[in-house]
Amino acid sequence: MDSRDTPALALENITVTFAARDAKDTRYTAVQDATLLVAPGEFVSVVGPTGCGKSTLLNIAVGLLEPSAGTVKVFGEPLAGLNRNAGYLFQTEALMPWRTALDNVTVGLEFRGVTREESVIRAEDWLARVGLAGHGHRYPHQLSGGMRKRVALAQTLILDPQIILMDEPFSALDIQTRQMMENELLELWSANRKSVVFITHDLEEAISLSDRVVVLSAGPGTRPIGEFTIDLPRPRDVAEIRLTPRFIELHTKIWRAMKDEVLKGYARTRIQ
Amino acid sequence: MREQESSKGLWSKIRPQQGNLRLWQVGMLAAFFAIWHVLTVPGLMPPVYFDDANKAAFFFGEPLKVLGRVWDWFYLGAIYEHLWVTLWETFLAFVIGTVSGLVIGLWLALNPVASALCDPYIKALNSMPRVILAPIFSVWFGLDIASKVALGVTLVFFIVFFNVYQGVREVSPTVLANARILGASQRQLLRHVYVPSAMSWVFASLHNSVGLAFVGAVVGEYLGSSRGVGYLILQAEGTFDINTVFAGILVLTAFALVLDYIVGLAEKRLMVWQPRQGETERI
Ligand SMILES: Nc1ncnc2c1ncn2[C@@H]1O[C@H](COP(=O)(O)OP(=O)(O)OP(=O)(O)O)[C@@H](O)[C@H]1O
Ligand SMILES: [Mg+2]
């Protein structure tokens, strides 16, 4: 097989069933028979209602969780243990609070045995790229939420992973900062094309960033229910592209597919 | 009317507030000594409670004599040898207790089987009144400093141990997972995630553990020794020299405060990464 046809990341027929710790018979199947293929260099967004299993899918892809059924392949190889080709931007706080911003960025290089001088030079460069030059000496609690996200971004990208998994990285940011970061992300990505899986529940964000948008159904038993190729031209400006007719057309089409699922998900959480 | 107002104005100026807090604290101490003095100096108070004029002084000491004794100790230098021994014991107990608590705490916290196995014994050792071990330690380690250090170590060890144990279990699973994905080996996880997280709990308990190391040293001396401030107190008690007993207590208290202050300084330096309340600067 031509190596260019091999997906960078292939989640095939994944099922994830959580067993409650105290009562083994109460099971919850978060994801059922989900398949997701990501080509090398492709930017895929995954949208879905809250609690549907998006983070669960990423945890599977990075190897933190093992699927109850199905296989994960990375560049054609079945995944065993942690995914060494992936970088993961967590939905929640993941910086080490006892390290400064700079030391948080260098930590991955440190683990790989890169010398201190070299990793500091590279980390300074990355801090500058995410707009945090001169903030390296600060501890996470001294940074704003948006700054912490950017440190986390630099921390992940400095290792130059082949696959980048991002779990709602910008959802805590205000709309202006968010659009700025989205543009920065697109710029970084176009300079060095990696496979990206970008989780969000914001459809506009998904469309403006991606090559492809995958819509997940509401849980339980989540699986993709629609895939939409985004044929908007690149390079894009995320703020401007939202105003183009093609964007609105795509948005309407995908939203129609999503709406029922969102209502279903909402109704379910309300009943609980 | 006007007078009342002006006296009110005066009070609002001198009442305890941010600026003059230290002054008030010193004043309270002075008042305490003054009352102590008035109540105990022979012949000053009418014999309401004690029939003999000297009895109050016998039971409660006399502050002037107590302070005189403290002065003599430091001026003539008799105390330094004893103080040095007590502080050295405190230091050794603190270091040994902390290091062993850290190592064993980490080891047990990262070994679920071992910790499940040892759990009831650790609980038992911790709830045992460990001061009672002092006589046994005297038999095992002799009357020199080793037995006092051993007592201090048993006190410090458990504080540090439980804090480390807690610290390891409280490591954020996300931070841990993130470090693993960033490529940390098992050893690197220990060094860069578990230990720093545990250390924050250990530092949080520094005040307690230094205090207890001090307690271990003094109680050990008190129960049998030939040197140390606890020994001075014991000796004075043997001759009913209540003033010297109080002088010893005074010296111990002062040094406990000094140790606490040093710990505070160390804490400030080591815990820079922890958020503190209200870190803004007034301009
Ligand atoms: N360890 C677990 N044990 C049991 N149930 C779990 C566990 N982790 C997740 N779940 C359940 O699986 C479902 C999916 O969770 P997940 O975190 O993947 O949602 P999500 O799509 O990322 O939601 P959000 O958009 O709010 O982040 C939820 O209903 C959650 O309650
Ligand atoms: Mg999530």
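The values are calculated or read from the model by the stated rules, or taken from the named source; none is laboratory data. Because the structure is predicted, anything quoted here is derived from the model rather than measured. Glycine also receives a Cβ, built like all others from the backbone with ideal geometry; neighbour counts cover every protein chain displayed.
Looking across the stretch A:22-49, just one residue is of a type in the set (S, T, N, Q) and under 15 Å from the mean Cα position of the chain (by Cα), and that is A:Ser45.
Only residues that are within 13 Å of A:Glu42 (Cβ to Cβ) and either over 19 Å from the mean Cα position of the chain (by Cα) or assigned to a strand (DSSP E or B) (or both): list them for the stretch A:212-243, please. Can you show your working first?
At the first step, the residues of the stretch A:212-243 found to be within 13 Å of A:Glu42 (Cβ to Cβ) are A:212-214, A:227, A:229-230, A:234.
Passing the criteria: A:Arg212, A:Val213, A:Val214, A:Glu227, A:Thr229, A:Arg234.
Which of the following residues is touching a strand residue (DSSP E or B) at 6+ places or on another chain (Cβ under 9 Å) and near ligand 1 (Cβ under 9 Å from one of its atoms): A:Val31, A:Val62? Reasoning before the result, please.
Values: A:Val62 fails: near ligand 1 (Cβ under 9 Å from one of its atoms).
Just a single option satisfies the conditions, and that option is A:Val31.
When the stretch A:198-221 is limited to residues that are within 15 Å of A:His251 (Cβ to Cβ) and in contact with a Lys or Arg (Cβ under 7 Å, 6 or more places away or on another chain), the one that is farthest from ligand 1 (Cβ to nearest atom) turns out to be A:Ser208. Only residues that are modelled with pLDDT of 90 or more and within 14 Å of another protein chain (Cβ to nearest Cβ) were counted in the stretch A:150-194, giving 18. No other residue among A:Gly113, A:Gly108, A:Gly146 is out of contact with any His (no Cβ under 7 Å at 6 or more places or on another chain) and either at pLDDT below 90 or more than 27 Å from A:Phe75 (Cα to Cα) (or both) apart from A:Gly146.
Residue pairs whose Cβ atoms lie under 8 Å apart, sitting 6 or more positions apart in sequence or on different chains, and linking a residue in the stretch B:114-131 that is among the hydroxyl-bearing types (Ser, Thr, Tyr) to a partner that is not in a loop (DSSP other than H, G, I, E, B), are B:Ser115/B:Leu108; B:Ser115/B:Ala109; B:Ser115/B:Tyr165.
For the residues B:Gly152, B:Gly167, the requirement of being within 14 Å of chain A (Cβ to nearest Cβ) and either in a helix (DSSP H, G or I) or in contact with a strand residue (DSSP E or B) (Cβ under 9 Å, 6 or more places away or on another chain) (or both) singles out B:Gly167.
The numbered conditions (1) closer than 28 Å to A:Ala191 by Cβ; (2) more than 14 Å from chain B (Cβ to nearest Cβ) are all true for A:Thr71 except (1). Surrounded by fewer than 23 Cβ atoms within 10 Å (Cβ to Cβ), aliphatic (A, V, I, L, M) and within 16 Å of ligand 1 (Cβ to nearest atom) - does that describe any residue in the stretch A:93-103? No.
For the stretch A:11-29, check the following and say yes or no: at least one residue is away from ligand 2 (no atom under 15 Å from the Cβ) and within 14 Å of chain B (Cβ to nearest Cβ). No.
Would you mention how many residues in the stretch B:197-248 are among the polar types (S, T, N, Q), in a helix (DSSP H, G or I) and touching a residue at least 24 places away in the same chain (Cβ under 8 Å)? If you could, list the steps in order and put the result at the bottom.
Of the stretch B:197-248, the ones among the polar types (S, T, N, Q) are B:197, B:200, B:205, B:208-209, B:225-226, B:235, B:239, B:243-244.
The next check asks that each one be in a helix (DSSP H, G or I); those that pass are B:197, B:200, B:208-209, B:235, B:243-244.
Now restrict to residues that are touching a residue at least 24 places away in the same chain (Cβ under 8 Å): B:197, B:200, B:208-209, B:243-244.
Within the stretch B:197-248, residues that are among the polar types (S, T, N, Q), in a helix (DSSP H, G or I) and touching a residue at least 24 places away in the same chain (Cβ under 8 Å) number 6.
Filtered by the rule that a residue be crowded, with 20+ Cβ neighbours inside 10 Å and among the aromatic types (Phe, Trp, Tyr), the stretch B:204-231 gives B:Phe214, B:Tyr231.
Within the stretch A:153-184, the residues that satisfy the criterion of being more than 16 Å from ligand 1 (Cβ to nearest atom) and closer than 22 Å to A:Asn85 by Cβ are A:Leu153, A:Ala154, A:Gln155, A:Thr156, A:Leu157, A:Ile158, A:Leu159, A:Asp160, A:Pro161, A:Gln162, A:Ile163, A:Ile164. When A:Leu64 is tested against the conditions (1) closer than 21 Å to A:Leu37 by Cβ; (2) more than 10 Å from chain B (Cβ to nearest Cβ), the lone failure is (2).
Out of curiosity, is A:Leu37 more than 20 Å from A:Glu205 (Cβ to Cβ), within 16 Å of ligand 2 (Cβ to nearest atom) and not aromatic (Phe, Trp, Tyr)? For A:Leu37, the condition - more than 20 Å from A:Glu205 (Cβ to Cβ), within 16 Å of ligand 2 (Cβ to nearest atom) and not aromatic (Phe, Trp, Tyr) - is not met. Can you work out which of the residues in the stretch B:179-196 that are part of a helix (DSSP H, G or I) and in contact with a Phe, Trp or Tyr (Cβ under 6 Å, 6 or more places away or on another chain) is farthest from A:Asn83 (Cα to Cα)? Across the stretch B:179-196, the extreme among qualifying residues is B:Pro196. Scanning the stretch A:48-75 for residues that are touching a Pro at 6+ places or on another chain (Cβ under 8 Å) and surrounded by fewer than 15 Cβ atoms within 10 Å (Cβ to Cβ) gives a single hit, A:Thr71. So is A:Val74 within 13 Å of ligand 1 (Cβ to nearest atom) and touching a residue at least 40 places away in the same chain (Cβ under 8 Å) or not? The answer is no for A:Val74.
Might you let me know whether the stretch A:117-138 holds any residue that is within 16 Å of ligand 1 (Cβ to nearest atom) and within 14 Å of chain B (Cβ to nearest Cβ)? Let's see the steps before the verdict.
Taking the stretch A:117-138 first, the residues within 16 Å of ligand 1 (Cβ to nearest atom) are none.
Scanning the stretch A:117-138 turns up no residue that is within 16 Å of ligand 1 (Cβ to nearest atom) and within 14 Å of chain B (Cβ to nearest Cβ).
Note on the stretch A:196-244: residues that are small (Gly, Ala, Ser), closer than 30 Å to A:Arg27 by Cα and surrounded by fewer than 19 Cβ atoms within 10 Å (Cβ to Cβ) total 2. Within the stretch A:43-59, residues that are among the charged types (D, E, K, R) have Cβ atoms under 6 Å from residues that are near ligand 2 (Cβ under 9 Å from one of its atoms) and part of a strand (DSSP E or B) in these pairs: A:Lys54/A:Ile199, counting only partners at least 6 apart in sequence or on another chain.
Checked against the criterion of being within 14 Å of another protein chain (Cβ to nearest Cβ) and not basic (Lys, Arg), the stretch B:230-252 has no qualifying residue.
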